[in-house]
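The values are calculated or read from the model by the stated rules, or taken from the named source; none is laboratory data. Because the structure is a prediction, the values reported are computed rather than measured. Methodologically, a virtual Cβ is constructed for each residue, glycine included, from the backbone with ideal geometry; neighbour enumeration extends over all protein chains shown. For accessibility, only protein heavy atoms count, side chains too; no ligands or nucleic acids. Shrake-Rupley method; radii C 1.70, N 1.55, O 1.52, S 1.80 Å.
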Amino acid sequence: MDTMVKLRDLSKTYRRSDGSAVEAVKQINLEIYKGEIFSLLGPNGAGKTTTISMMSGLIAPTGGDAFIGGHSITKEPMAAKRLMGFIPQEVALYPELSARRNLLFFGKMYGMHGSDLNKRVDEVLAFIDLTDRQKDKISTFSGGMKRRVNIGVGLLHRPELLFMDEPTVGIDPQNRRRVLDTVKQLRDEYGMTILYTTHMMEEAQELSDRVGIIDHGELIALGTQGELTQQVREEDQIDFAIDGRGWSSELEARLLQEVPGLTRVAYAPPGHGDDSAGEESLAALTAFAARGRQALPDIIRILNDAGVEVHSVKVREPDLEAVFLALTGRALRD
Amino acid sequence: MRKIWAIVSKEVYITFTNRNLLLIMLVTPLVLSTIIGLAFGGLGGGDSGGLSLSNIPIVIVNLDEGATFGNALGGGFTADNQTGGGQAFNGGDQIVAILAPNLAEGQNAFGASGDQPVCSLLPEKGADNSRRYSGTLEELFAPALMDDPAAARAAVDRGDYAAAIIIPPAFSQAVTPQFQFGPADDQATNAAAETDVVDSEVEVYANAGQPIEASVTRSVVEAIVGQLVRFNVAITAMGQAIGQQIAASPMDLGDVDPATVPAQGAPLADWLAFMEANADRSPWFAGLAAGLTRFQAAASGDQSAAGGAANNDLGGIVSCLFDPNFEPIQVQQQPLNRVQEQGIFQQIMVQIGAAQAVFFALFTGIFGVLSIYEERKNWTLQRLLASPTSRSSILAGKLGGNVVVVWVQLALLMLFLTLVTSAIMRSPVNIWGDQWGLILLTTVALSLAVSGLGVLVVGLARTPEQVQAMGPVIAIFLGALGGAFGFALPDALANLSLITWGVGAFKSLAAGQGDIWLNLAVLFGQGALFFVIGVWLFRRRVEI
Ligand SMILES: Nc1ncnc2c1ncn2[C@@H]1O[C@H](COP(=O)(O)OP(=O)(O)O)[C@@H](O)[C@H]1O
Ligand SMILES: [Mg+2]
């Protein structure tokens with residue numbers, strides 16, 4: 001498979017004004033293949049934006065390099081930039097200009113002009129379904145419409161490679177659906193290579209050919225969804241909703257000791273688990289066991305012995321969430 | 001280059017489609033300049049602060065050889081009067097008497113009392129009126145007399161005087177009324193009057209360093225001379241009107257016996273008698289007869305006919321020329337003090353307007369550059385950086401755009417200032433002068449200096465918030481030094497402000513002088529220096 005993007009020990013250390021250093025990205029190595037959707041999945045503050053900013057030449061890496069279509073972003077930035085479209089996490093538009101003027105202006109920044117540019121702007125407006133609102137100022141648009149123009153600007157020069165940084169943040173489900181469909185359409189119909197960052201497992205799961213999981217600036221997992229879940233495939237994940245009052249580290253030790261096949265236990269106190277909506281007092285207990293269904297009765301018995309009330313039990317097939325949990329001991333959305 | 005231009009146009013477009021911004025950039029300075037201009041525009045005395053529009057030092061050189069009034073009035077006039085030989089008239093002395101009443105003693109125009117001439121045709125109010133003028137002019141000027149025009153010009157060049165007023169030998173000749181009855185010689189008369197005026201113009205030699213003062217002097221002298229010339233034209237027109245009325249349309253005279261109509265070229269007294277005899281036939285005759293009677297009476301020394309005026313010399317008559325209440329014939333006449341005010345108002349609009357324009361442009365300069373921070377916050381800067389556009393081009397576009405925005409703001413303000421001044425003066429004026437090339441050069445130099453200052457300020461500040469706090473302080477400081485608020489500071493301080501240099505250039509250009517190279521050098525120099533240092537600092541802070 002042809003490589004579109006290659007990161008070599010890409011690193012960024014921010015220096016704060018008080019002198020302290022933040023290692024936002026730590027020596028990331030990865031490749032993105034032509035024509036695939038590659039998701040960079042990680043919680044807020046993981047370093048996704050910093051990585052994408054270095055790859056698109058906005059900020060200089062403090063170590064390593066990124067190669068776009070073989071061009072080093074640090075040494076041949078113009079050649080690298082010509083290949084890529086960039087869709088920032090924020091709505092990066094001039095609110096006082098109309099949608100059309102925004103598109104025209106940024107088109108010129110990609111070296112387009114004249115009737116060529118005008119025609120392309122028409123196409124893009126049609127693609128993002130805003131032809132009838134093109135003369136209106138961005139400041140009058142809804143969040144979803146702004147997002148669409150934001151994406152449209154990145155498509156103007158028909159780039160082979162598209163960087164999308166959390167393009168669904170802060171929009172309603174309907175517009176989110178639309179964005180996700182667009183991303184797939186861009187790959188399937190236009191053969192674009194897409195780097196898509198998100199903190200939402202479902203999006204990565206739906207879109208990605210391959211996924212990189214990033215946490216605290218480190219790439220902790222990389223591969224197709226199948227390859228990643230493989231790492232946790234031998235184990236089932238059992239989610240318990242329990243009354244957290246009886247929980248203790250002694251109980252955790254007893255579980256690991258007495259339940260055959262139980263490999264790991266993760267406990268999230270009340271209010272932390274993402275599945276406990278509406279039941280504030282419930283804690284989340286996640287257990288990983290080689291044969292989940294066999295381990296289940298033993299776990300429930302021990303919990304009952306300790307006086308811990310079990311409210312619900314769910315045995316799950318492994319997914320990206322499980323991978324993240326398995327690798328970090330934390331839920332993705334924490 | 002194309003990309004830089006695209007960024008520049010975007011900057012200009014965004015700025016000039018923002019209504020709130022336009023209010024601050026254009027309307028506010030315009031309103032402020034007008035208010036300050038009107039507040040300082042009156043000849044209210046010495047409280048105009050730095051404009052020092054009182055005690056303007058002037059020097060007068062009176063070379064006027066005078067003219068004989070009687071001769072000018074034609075043979076008929078003198079032949080019929082015992083005084084004979086006519087009256088000696090000296091317009092130059094008259095100007096001296098008006099501008100420098102304290103120095104004019106002994107050489108007052110008609111050899112009479114040497115007192116201020118009082119309009120004898122407005123007996124009740126005459127004294128008051130004349131006092132109003134001399135009072136105003138006394139405050140306005142600190143006059144001196146000289147004999148040698150070259151020495152006077154040299155003294156002006158040295159800066160001893162703001163202006164020299166040089167009255168040429170043929171001045172009186174040119175402004176004395178020319179009587180010529182009958183329609184035949186219309187054109188000859190007009191032509192003669194006009195060429196004479198041109199040949200014998202009073203020269204106002206001005207000091208380049210005091211353009212407002214010089215300009216005020218010029219407008220006052222022009223007003224005085226203008227009154228003399230207008231009177232000349234008026235009298236000539238009156239004579240022609242009489243002749244034409246009679247020669248061209250004898251029918252109008254109704255049942256007048258043609259035999260009683262005086263012949264062409266008949267003595268003025270005959271005409272007078274004729275008109276008085278027929279006064280009941282036409283109000284026109286009555287009016288003319290009354291006017292001519294007074295005029296003739298004054299000229300011939302007949303006290304009873306002059307309406308009981310105490311003063312019967314020609315000085316009294318001529319002083320009427322400067323009285324706004326006396327209009328010998330309906331010729332457009334501007335009262336002297338209004339003409340003066342107009343000159344000053346216009347000058348003040350140049351000074352205050354230019355200073356205010358640059359002052360408000362400073363805000364545009366500083367906050368325009370600051371918008372780069374805003375673009376970074378909005379991620380549009382990042383979007384630009386991600387495009388195949390060099391950082392230098394982006395910076396050049398943003399800063400170039402700022403220069404252009406500042407330039408457009410200055411140009412629009414200057415245009416509007418001229419329009420507002422014209423509206424207030426009720427006549428179209430271009431207050432900036434007509435040296436378009438130099439005006440353009442000055443605005444460009446100013447735009448660079450203003451924008452450069454913006455880059456420097458933003459580069460020096462650690463954060464945008466610091467710029468928000470310090471920017472206005474710096475602008476107000478420079479504005480105060482540069483006289484944007486109507487008071488001036490000593491040169492040593494004022495010269496620290498780029499506004500001073502810009503305003504100085506505009507004042508010179510408005511006064512018709514072109515020697516502004518020092519100003520341009522200072523402005524371009526500041527601009528270049530600010531830009532170099534500012535951009536260097538700025539790139540370190542913003543990583544662009
Ligand atoms: N300009 C900066 N200066 C200092 N620290 C920064 C800067 N930008 C980001 N960081 C820090 O770097 C880490 C990664 O941030 P970011 O790349 O924005 O994460 P993500 O996009 O995954 O949410 C965070 O801890 C963040 O606080
Ligand atoms: Mg981010």
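So, with a 1.4 angstrom probe, what is the percent of accessible area on segment A:1-112 that is carbon and sulfur?
Roughly 46 percent of what the probe reaches on segment A:1-112 is carbon or sulfur.
What does the charge add up to near A:GLU252, with Lys and Arg as +1, Asp and Glu as -1, over the other residues with Cβ less than 13 Å from its Cβ?
On the way: positive: A:ARG254, A:ARG264; negative: A:GLU250, A:GLU258.
Combined, the nearby Lys, Arg, Asp and Glu give 0.
Hey, what's segment A:236-317 come to in accessible area per residue, 1.4 Å probe, Å²? It would help to have the intermediate numbers written out before the result.
Numbers: 4410 Å² over 82 residues.
Value for segment A:236-317: 54 Å² per residue.
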#### Entry: Computed [θ] at 222 nm, helices only, for chain A once each DSSP H run of length n ≥ 4 contributes -39500 (n - 2.57)
-11000 deg cm²/dmol
### Query
Do any residues of segment B:371-394 lose at least 30 Å² of accessible area when the full set of protein chains is present rather than just their chain alone, and if so which, with a 1.4 Å probe?
B:ASN378, B:TRP379, B:THR380, B:ARG383, B:LEU384, B:LEU385, B:ALA386, B:SER387, B:PRO388, B:ARG391
### Query
Taking Cα centroids, how far is segment A:52-105 from segment B:430-459 in Å?
36
### Message
Nothing charged except the Cβ atoms of Lys and Arg (+1) and of Asp and Glu (-1): what's the magnitude of the dipole of segment B:408-544 about its Cα centre? Round to the nearest 20 debye.
### Response
260
### Task
Mind checking which of A:HIS216, A:THR3, A:GLN257 is farthest towards the positive end of chain A's charge dipole, using Cβ charges of +1 (Lys, Arg) and -1 (Asp, Glu) about the Cα centre?
A:THR3
## Note on the structure
When the charge dipole of segment B:401-544 is computed with +1 at the Cβ of Lys and Arg and -1 at the Cβ of Asp and Glu, the Cα pointing farthest to the positive end, of B:ALA511, B:LEU481, B:ILE439, is that of B:LEU481
### Query
What percent do you get for the relative contact order of segment A:236-317 when only Cα pairs under 8 Å and 6+ apart count?
48
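Taking only protein heavy atoms into account and a 1.4 Å probe, give the accessible area per residue of segment A:10-137 in Å².
Working: 5340 Å² over 128 residues.
I get 42 Å² per residue for this part.
Calculate what fraction, in whole %, of the accessible area of segment B:401-466 sits on carbon and sulfur atoms when a 1.4 Å probe is rolled over the protein chains. Let's see the in-between values first.
Values: 1910 of 2630 Å².
The value for segment B:401-466 is 72 percent carbon and sulfur by accessible area.
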#### Entry: Share of carbon and sulfur in the accessible heavy-atom surface of segment A:236-317 [1.4 Å probe, %]
47
#### Entry: Estimated dipole of segment A:3-231 in Debye, rounded to 20 [Cβ of Lys and Arg +1, of Asp and Glu -1, Cα centre]
760
### Task
Take the alpha-carbon centre of segment A:108-144, take the same for segment A:283-326, and report the distance between them in whole Å.
52
### Query
If you place +1 on the Cβ of every Lys and Arg, -1 on the Cβ of every Asp and Glu, and leave all else neutral, what size is the dipole of segment A:236-317 about its Cα centre, to the nearest 20 Debye?
280
### Summary
Reported to the nearest 10 Å², A:VAL22 has, with a 1.4 Å probe, an accessible area equal to 50
### Task
Keeping all protein chains in place, calculate the accessible area per residue for segment B:348-419 (probe 1.4 angstrom), answer in Å².
24
### Message
In segment A:83-105, what residues drop by 30 Å² or more of accessible area when the other protein chains are put back, versus the chain on its own? Use 1.4 Å, and skip ligands and nucleic acids.
### Response
A:PHE86, A:GLU90, A:ALA92, A:TYR94, A:GLU96, A:LEU97, A:ARG101, A:PHE105
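For the pairs A:LYS12/A:LYS108; B:LYS10/B:LYS377; A:LYS135/A:LYS184; A:LYS12/B:LYS3; A:LYS184/A:LYS314; A:LYS81/B:LYS3, note any where the Cα-Cα span goes beyond 22 Å. All intermediate terms of the calculation are to be shown ahead of the outcome.
Working: A:LYS12/A:LYS108 31 Å; B:LYS10/B:LYS377 18 Å; A:LYS135/A:LYS184 28 Å; A:LYS12/B:LYS3 30 Å; A:LYS184/A:LYS314 32 Å; A:LYS81/B:LYS3 15 Å.
Violating the 22 Å Cα-Cα cut-off are A:LYS12/A:LYS108; A:LYS135/A:LYS184; A:LYS12/B:LYS3; A:LYS184/A:LYS314.
Normalised by the residues of segment A:106-239, what does the relative contact order come to in percent, with Cα pairs under 8 Å and at least six apart? Before the final figure, lay out each step's value.
Numbers: 102 pairs, mean separation 21.5, N = 134.
Averaging sequence separation for qualifying contacts and normalising by length gives 16 percent for segment A:106-239.
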### Query
Highest mean first, what order results for B:444-456, B:467-479, B:346-358 on Cβ atoms within 10 Å?
B:346-358, B:444-456, B:467-479
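Rule-of-thumb check for segment A:3-231: C-alpha Rg over 2.2 N^0.38 Å?
Working: Rg = 17.5 Å, N = 229, 2.2 N^0.38 = 17.3 Å.
Its radius of gyration relative to the 2.2 N^0.38 Å reference: 1.01.
So how much accessible surface do A and B hide from each other in total, probe 1.4 Å, in square angstrom to the nearest 100? Intermediate results must be reported in sequence, preceding the final value.
Values: alone 15840 and 24250 Å², together 37680 Å².
Chains A and B together bury roughly 2400 Å² of accessible area.
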### Message
What number results when the radius of gyration of segment A:236-317, computed over Cα atoms, is divided by 2.2 N^0.38 Å?
### Response
0.98
### Task
Under 1.5 on a/c is rounded, so check that first for segment A:49-179, then, if it is not, pick prolate when a/b is larger than b/c and oblate when it is not; a ≥ b ≥ c are the square roots of the alpha carbon gyration tensor eigenvalues.
oblate
### Task
Just report the Cα centroid separation between segment A:212-240 and segment A:162-179, whole Å.
24
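Please compute the contact order of chain A in relative form: average sequence separation of alpha-carbon pairs under 8 Å and at least six residues apart, divided by the residue count, as a percent.
Relative contact order here is 18 percent.
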#### Entry: Accessible area of A:LYS26 in the full protein assembly, 1.4 Å probe (Å², nearest 10)
70
